[in-house]
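Remarks on the structure that follows.
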Amino acid sequence: MKCCLVSRRCYPFVAAVALLSFADSASPAPADKHPFSVADWQGLHRARAISVSPDGKVILYNVSYDGDKGPAKNEFRLMDVAGENGRKLELPENFEPAGFTKDGAALFGIYEVEKKGQLAIVPLSSGKPTQILALPNGIRGAIISPEGTRFAIISDSRDKDPLAEMHHVIENDVSSIYVVGVNGSDGAWWCPDLKSVAEAAWSPDGSQLAVVTQTPKIGNHDFRSTITLCSSSGARRVAEIANSTAGIAWTDGGKTLAFASTTTSVLTPDHLWTVPAGGGAPVDRTPKLEGSVVGVANDPHGTVWAEMHKGTITETYAYRAGKLEPAYRWPAGVINGFPVRSPFAASTDTLAFTVGDPGHAANVAVAQGELKRITHEGDDALSVVSLGEVRIVKWTAKDGAKLEGILTLPASYEGGKKYPFLVLPHGGPEANDTLDFDVFSRLIAGLGYVVLQPQYRGSTGYGSEFLEAIYQHFGDRAYTDVDSATDFAIAQGWADPNRLTIFGWSAGGFMTSWTVTQTHRYKAAIEGAGITDWLSFIPTSDIAQVDYDMRWQEKDVTPFLQFSAVMYSDKVTTPLLILHGEADLRVPTFQGREFFVLLAERGKTVRMVTYPGSPHFPRLAEQRRDIFVEVQNWLARYNP
């Protein structure tokens, strides 16, 4: 979902496949270590690659952690590609750098001015803005051209509403393209008729932009994407795509455009497509793909970088000369997002990556033949923490579906002993869990639980047929897949069948609310920001949600009510904790409140906690901490 779980009968499960281990699962944790806790989470530092200097010698990266209060804490640092000479940058508090200017002497990025993000240039020598390019409604992002002379800025082109502090007019957001010289000169709106820009990429010669626009939510029932070439002289439409897209990139010397899209009924791209820059019919270049290409990224040297999901593993693929091939992978873990490099055509081809695995926080690696990690954020903190084994496991559901999941064991796990169990379905739903450091799995395993994250039908990484299987079947196919994960854990002897729990957020929150209307096997359940009423959810979410069902509601409400938990409130016997942000636009807060009120008036055991000002998932450290305190207390009370 575009952010983003009765018996002991044994089914014909495939034996679990243990691929990875990060701790000795047969022995108790050393006395000088402790289970992973909220305090460890809030102090855990993680690193993310941002850009590479034009000479290819220096990596710009971010280090972040939650802290005790307020938004996540961020530091920005430089390090030589050899992993030496790391240094913290002294930058303005409200400045978030996006990359280097062409001479490498300054950074450009978004600087907050009067609560609006604006484009700023900050020299490395002074650490203070020397130039701020401000637009009336702020900016959403900026892309520097390959020759380093211009910025393409995505912003709202409308005049500032003088009554904005008094009222809000409900209408679609506007995002258009403003192009300006790096010195602030010659600014102009390019292709002003483009009002719903999702993504853009400079052509190799810097003369034009490939722009993706997508149908806005209000006033449109279906969803389409359009690719347009945009320059100072006007716009030329290249292609119409009858679905969503992700990314846009130039290849073949500027003759071809590449993007990710799909032929499925859902709105999640999973194949790599190309179209001639001169116009024509888009072509699926990966029609028999077993994984999922969920996005592409531009490269000034003509390579198209693709984010490839292969089950719970995420790798980097490269599309060159008409072929998509593996390029980089992180052993025993995943690559998060795309490689970063200098955006300039004349720069070197040094690549930096953000990588992670179940035993380490996210960190920065560089390509030196294979990937080499050059930062070690979080290693000290985790050296005093007991982490249990993590495995990729596989099984077969009752209807024959081949499924996969990530199993996390408590550090003190002993073979042959049954443990309290929590099934943790992911959000999305067209997404996947990846083999990196999953905070919720680690926190709950730290309470002594066995945790299993099932990749139910609708997850990325398993091909188009698996992805599309969720369309109009979220409450039956996906639900039975999640419940089969619990059957599997019991059959393997990990889970105590009398101490079963379920927890999920967003689409996983739907799975939780729906599950407790369908079975009484779980002793406790926690639903975070979940969908409980599809009839009201689809039109009120802030983005298109017709990948659940494209049919019109007034023609027949049955498809939208058949999997709505609110229609089965009387069936619930499991104690349910509902958590929701009060400013959630993705899954509006009334979804949780409606279910809560219906359960409460029927005398069910239910508690609802909301978070003031919080969007789909809280941004404040104290609210994130409270979520886990609520989860821990609920489990202790109802699944002791």
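The values are calculated or read from the model by the stated rules, or taken from the named source; none is laboratory data. No experiment lies behind these values; they were computed from the predicted model shown. With ideal geometry, Cβ positions are generated from the backbone for all residues, glycine too; neighbour counts draw on all protein chains shown. Accessible surface is based on the protein model in full, side chains and every heavy atom, while ligands, DNA and RNA are left aside. Shrake-Rupley method; radii C 1.70, N 1.55, O 1.52, S 1.80 Å.
Do the alpha carbons of any pairs in K57/K310; K418/K604; K88/K372; K102/K160; K116/K195 sit beyond 24 Å of each other, and which pairs?
K57/K310; K418/K604; K102/K160
Identify all lysines with a Cα-Cα distance to K255 below 16 Å; exclude those on the same chain that are fewer than 8 residues away in sequence.
Excluding near neighbours in sequence, the set is K323.
Would you be so kind as to identify which of I335, L107, M166 lies farthest towards the positive end of the dipole of the chain, taking Lys and Arg as +1 and Asp and Glu as -1 on Cβ and the Cα centre as origin?
Projecting each Cα onto the dipole axis, the largest value belongs to I335.
Of the trypsin sites (Lys or Arg not before Pro) in the stretch 365-426, which ones lie in a loop per DSSP and count no more than 14 other C-beta atoms within 10 Å?
K398, K417
What's the magnitude of the charge dipole for the stretch 152-282 around its Cα centre, counting Lys and Arg as +1 and Asp and Glu as -1 at the beta-carbon? Answer in Debye, nearest 20.
Value, rounded to 20: 300 debye.
Can you compute the modelled spin-label distance between D103 and V629, with each label point 7 Å from Cα toward Cβ, in nm?
Inter-label distance under the simple model: 5.2 nm.
Per residue, how much accessible surface does the stretch 356-399 expose to a 1.4 Å probe? Answer in Å², no decimals.
36 Å²
Go through the stretch 63-74 residue by residue and turn each phi into a ³J(HN,Hα) via Karplus (6.51, -1.76, 1.60, θ = phi - 60°); whole Hz please, and just put x for glycine and proline.
10, 9, 7, 6, x, 8, 8, x, x, 4, 8, 10
First measure r as the distance between the Cβ atoms of E147 and V384, then evaluate 1/(1 + (r/R0)^6) with R0 = 60 Å and state the FRET efficiency to the nearest 0.05.
Efficiency for this residue pair is about 0.75.
Once the principal axes of the Cα atoms of the stretch 174-292 are found, what is the range along each, listed largest first in whole angstroms?
48, 38, 23
Along the charge dipole of the stretch 339-428, which of A365, L387, A397 sits closest to the positive end, that is, farthest toward it, with unit charges on the beta carbon of Lys, Arg, Asp and Glu (+1, +1, -1, -1)?
A397
Which three semi-axes in whole Å describe the equivalent ellipsoid of the stretch 371-445, each the square root of 5 times a Cα gyration tensor eigenvalue, listed largest first?
Square roots of five times the eigenvalues give 26, 19, 12 Å.
Where a ≥ b ≥ c are the square roots of the eigenvalues of the C-alpha gyration tensor, would you call the chain rounded, which needs a/c under 1.5, or, failing that, prolate if a/b is larger than b/c, or oblate?
The shape class here is prolate.
Can you work out the accessible area per residue across the stretch 486-640, with the rest of the protein chains kept in place, probe 1.4 Å, in square angstrom?
37 Å²
Testing the spin-label approximation: label points 7 Å from Cα along Cα→Cβ at E240 and N85. State their distance in nm.
So the label points at E240 and N85 sit 5.5 nm apart.
Does the stretch 281-326 come out rounded, prolate or oblate by the C-alpha gyration tensor, with a ≥ b ≥ c the root eigenvalues, rounded set by a/c under 1.5 and, if not, prolate when a/b is larger than b/c and oblate if not?
It comes out oblate by the Cα gyration axes.
Can you compute the FRET efficiency between D161 and E465 using 1/(1 + (r/R0)^6), with r the Cβ-Cβ distance and R0 = 51 Å? Round to the nearest 0.05.
The value I calculate is 0.60.
For the stretch 238-325, what's the relative contact order in percent, using C-alpha pairs closer than 8 Å and at least 6 residues apart?
Across the stretch 238-325, relative contact order equals 25 percent.
By how many nm would the segment from A72 to N94 lengthen if fully extended, with 0.36 nm per residue of separation less the alpha-carbon distance?
6.6 nm
For the chain, what is the calculated [θ] at 222 nm in deg cm²/dmol (nearest 500), taking -39500 (n - 2.57) for each run of four or more DSSP H residues and dividing by its residue count?
-4000 deg cm²/dmol
Treating the beta-carbon of each Lys and Arg as +1 and of each Asp and Glu as -1, no other charges, what is the dipole magnitude of the chain about its Cα centre, to the nearest 20 debye?
Here the chain has a charge dipole of around 800 debye.
In the chain, carbon and sulfur make up what percent of the accessible area (probe 1.4 Å)?
Here carbon and sulfur together make up 51 percent of the probe-accessible area.
Please list the non-local residues whose amide H lies under 5 Å from the amide H of I470, H modeled 1.01 Å from N, same-chain partners needing a gap of 5 or more.
Amide H neighbours of I470, under 5 Å, 5+ apart: G458.
Can you compute the modelled spin-label distance between S232 and H520, with each label point 7 Å from Cα toward Cβ, in nm?
In this crude spin-label approximation the distance works out to 7.4 nm.
Between D349 and M550, what length comes free when the chain is fully extended (0.36 nm per residue of separation minus the Cα-Cα distance, one decimal in nm)?
68.0 nm
For the stretch 590-632, evaluate the Debye formula with one uniform point scatterer on each Cα (no solvent term) and list log10 I(q)/I(0) at q = 0.13, 0.20, 0.25, 0.33 Å⁻¹, rounded to two decimals.
Calculated log10 I(q)/I(0) at the listed q: -0.35, -0.72, -0.92, -1.11.
Show the residues, 5+ positions off or on another chain, whose built amide H is closer than 5 Å to the amide H of Y65.
K73
Any idea what the alpha-carbon Rg over 2.2 N^0.38 Å comes to for the stretch 499-640?
Compactness ratio reported: 1.02.
List, largest first, the extents of the alpha carbons of the stretch 433-514 along their principal axes, each in whole Å.
36, 27, 24
At 1.4 Å probe size, with every protein chain present, just tell me what the per residue accessible area of the stretch 240-326 comes to in Å².
Accessible surface, normalised per residue, equals 36 Å².
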